[in-house]
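Okay, structure first, notes after.
Just so it is clear, none of the values below were taken in a lab; they were calculated from the coordinates. Note that the structure is a prediction, hence the values are computed from the model and not measured. Don't worry about glycine lacking a Cβ; one is built from the backbone with ideal geometry, like all the others, and counts go over all protein chains shown.
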Amino acid sequence: MLTMNALYFAPVDAKLDLARQLFRQHGARLAADPALTALLGDLERLGEKLAGQMTAMELGTLCGACAARPDGGCCSAFMANETDAVLLLINLLSGRRVERLRDDLDPECCFLGPRGCTLEPKPLFCLNYNCRAIQALPQIDSLLTAASAVLRCQTAIESLLLETIGYRHG
Ligand code: SF4
Ligand code: SF4
């Protein structure tokens, strides 16, 4: 039986295994679901809008310079725990590469690739921009609006998936 702990709070490798198992079990059926396909399309579009906003604010340069400092960056190994099996399943359904890119001893998040995060969608905590350097930027409201739209869509997909894979609360 699927449990909240297995889906959300297990170690990263266990959540990866569960997401792959769910993808094998339900992937074909989910891919044929028109409601899910439409939501995944919305998520792609909203993700592109958010990425455009990040580019307009030059966050790549800001975060790149920050991450290059010995005490900088926020994609730490600890943050990898913010992923969950449902989020990883959404990434698999979106055709993303979903795998551990670093071992446990690396201080950086195991989903951080040479060109940034390999997950799309990302965990909620990776989209809250709770960082003084970003909060001080003049376009912060537009960024938060774009991020909220992505998160709302992610939540709708998550609800649909939980129902389809047979997870029940309690
Ligand atoms: S979000 Fe903030 S803390 Fe994280 S890398 Fe960018 S500037 Fe640094
Ligand atoms: S943005 Fe991606 S690489 Fe960075 S902590 Fe979040 S999941 Fe990991």
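Numbers below:
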| quantity | calculated |
| --- | --- |
| FRET E, pair Arg69, Thr155, Förster distance 35 Å, beta-carbon r, rounded to 0.05 | 0.55 |
| Between segment 51-110 and segment 16-32, the alpha-carbon center distance in angstrom | 23 |
| Three-way shape label, the chain, alpha-carbon gyration tensor, a/c 1.5 | oblate |
| Residues Leu105 and Asp33, FRET efficiency given R0 of 45 Å [Cβ-Cβ distance, rounded to 0.05] | 0.65 |
| Stretchable slack from Asn5 to Glu163, in nm (0.36 nm times residue separation minus alpha-carbon distance) | 55.2 nm |
| DSSP H segments from the chain that extend 30 Å or more along their own axis, Cα-based, with Kyte-Doolittle mean of 0.5 or above | 140-164 |
| Partnerless cysteines, meaning none of the other Cys C-beta atoms lie under 4.7 Å away, in the chain | Cys63, Cys66, Cys74, Cys110, Cys117, Cys126, Cys131, Cys153 |
| Loop-exposed GluC sites (Glu not before Pro) per DSSP, neighbour cap 16 Cβ within 10 angstrom, longest uninterrupted part of the chain | 100-170 |
| Residue-averaged [θ]222 nm for the chain, counting only DSSP H segments that reach four residues, each worth -39500 (n - 2.57) | -17500 deg cm²/dmol |
